[in-house]
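The block underneath contains the structure these notes are about, expressed in structure tokens.
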Amino acid sequence: SPAISDSVSSLWGVFRLILAESRQWERRVEDLSTPARILAKGDLEERRAQLQNELDLKHEQILALEIYMKDQLKLKDDITPRGISGGWEENIESNIKDTRERITEAKLDLLFNIQKELKQVGGELESIYEQEHDANETLQYFRDWHEAEQGALWELQREHNREVEARDLKHRIVDETLKWKVVFTVPSGKPDKRKPVRYARAQCASEDRVDDLIERAGVKNDAYRENVNLATLFAPFEKMWEKCNNMASLPVGVINDRVTNTGQPDGLASLLQAQQPRSKAKVGFPMRVPFHLLEEVRGESMAIDAMKANVRSY
């Protein structure tokens, strides 16, 4: 229908766009999954783990230095005059200064080297992970959309098929109804029984129809055999009556000559003589031809010709 055609056209346009986007994102996912990218991502992950380990060690180092510095400060506060006179204060001051420098150096290394590089590596990995996640999510989104649109197209196709089947079913029903309503007749107006049985009987079941068809085929075969046997049986009589018809046009004297010349009458002459009364057989009057028998013979000959024509038509 036009509505289905318009829907299919619009859905097919959307379907092609979705298919193009899906293929593009498939190529994107493939580009992100190349061996070189996988190797680079592995190196970054290994470097991040290494930096994370260095960061932990640096924190422990700073913590240890700060604890040592606190101990030195406590010793400085608790030093006695004898310790001051013995030079312990200067030694403690030197240790505190050295510890402070080491703590400062460790913190600078932690902030500007380890953490900076760790943040950079983590940012690169997060970017890679985000790209892969977005590509996979977008590809899955277009795949789901593709399946939904394809399901809609298949539903339209099934609806179209149902409409076509319903229309074809109506046509078949109408055609079959018209076929059953047709009454085949011969030129004389009688039912033509030579047509297929399915046109002759509309209400019969399939098994009855098959049985009726077999019965009709047997009847036709028997009729054909009867006609052939009848034609073969009447062939000699037909030849004899043809001779009789030919003799009917001859003068009576010619028939008598055929009897007197041969001494014995032939079959046709004897038949004609048998039709005459015995009282008139001795008289020398001409023999009378049995025209009523000739008319019957002509009628039978015409019937035989018609029967032969019917046999040939089969």
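Could you pull out the residue among Ile62, Ile79 that is within 24 Å of Arg102 (Cβ to Cβ), open to solvent by less than 90 Å² (accessible area, probe 1.4 Å), β-branched (Val, Ile, Thr) and modelled with pLDDT of 90 or more?
Unique residue meeting the criteria: Ile62.
Looking only at region 156-208, which residues are touching a Ser or Thr at 6+ places or on another chain (Cβ under 7 Å) and either assigned to a helix (DSSP H, G or I) or at pLDDT 85 or above (or both)? Break it down into steps so the answer makes sense when it comes.
Initially, region 156-208 is screened for residues touching a Ser or Thr at 6+ places or on another chain (Cβ under 7 Å), giving 156, 163, 191-192.
Leu156, Glu163 - these are the residues of region 156-208 that are touching a Ser or Thr at 6+ places or on another chain (Cβ under 7 Å) and either assigned to a helix (DSSP H, G or I) or at pLDDT 85 or above (or both).
Quick check on my filter: what residues within region 127-149 are touching a Phe, Trp or Tyr at 6+ places or on another chain (Cβ under 6 Å) and either acidic (Asp, Glu) or surrounded by fewer than 16 Cβ atoms within 10 Å (Cβ to Cβ) (or both)?
Of everything in region 127-149, just one residue is touching a Phe, Trp or Tyr at 6+ places or on another chain (Cβ under 6 Å) and either acidic (Asp, Glu) or surrounded by fewer than 16 Cβ atoms within 10 Å (Cβ to Cβ) (or both), namely Glu149.
Go through region 1-58 and count every residue that is more than 30 Å from Lys107 (Cβ to Cβ) and either modelled with pLDDT of 90 or more or assigned to a helix (DSSP H, G or I) (or both).
Number satisfying all stated conditions: 40.
Checking Asn136 against (1) within 24 Å of Ser10 (Cβ to Cβ); (2) in contact (Cβ under 8 Å) with a residue 40 or more places away in the chain: exactly one of these is not met. Which one?
Asn136 satisfies all of (1) within 24 Å of Ser10 (Cβ to Cβ); (2) in contact (Cβ under 8 Å) with a residue 40 or more places away in the chain except (1).
Glu163 versus (1) open to solvent by less than 100 Å² (accessible area, probe 1.4 Å); (2) free of Cβ contacts under 8 Å to residues at least 40 places away in the same chain; (3) of a type outside the set (A, V, I, L, M, F, W, C): which is the lone unmet condition?
Of the numbered conditions (1) open to solvent by less than 100 Å² (accessible area, probe 1.4 Å); (2) free of Cβ contacts under 8 Å to residues at least 40 places away in the same chain; (3) of a type outside the set (A, V, I, L, M, F, W, C), the odd one out for Glu163 is (2).
Take the residues of region 92-118 that are surrounded by 14 or more Cβ atoms within 10 Å (Cβ to Cβ) and closer than 16 Å to Lys70 by Cα: which is modelled with the lowest pLDDT?
Checking each candidate, the answer is Ile92.
So how many residues does region 145-154 have that are modelled with pLDDT under 85 and among the charged types (D, E, K, R)?
Residues flagged as modelled with pLDDT under 85 and among the charged types (D, E, K, R) within region 145-154 amount to 1.
The values are calculated or read from the model by the stated rules, or taken from the named source; none is laboratory data. The shown structure was predicted, so the numbers you read here are calculated from the model rather than taken from an experiment. Neighbour counts are summed over all protein chains in view; Cβ atoms, including those assigned to glycine, are modelled from backbone coordinates with ideal geometry. We work out accessible area using only protein heavy atoms, side chains counted, and drop any ligands, DNA or RNA first. Shrake-Rupley method; radii C 1.70, N 1.55, O 1.52, S 1.80 Å.
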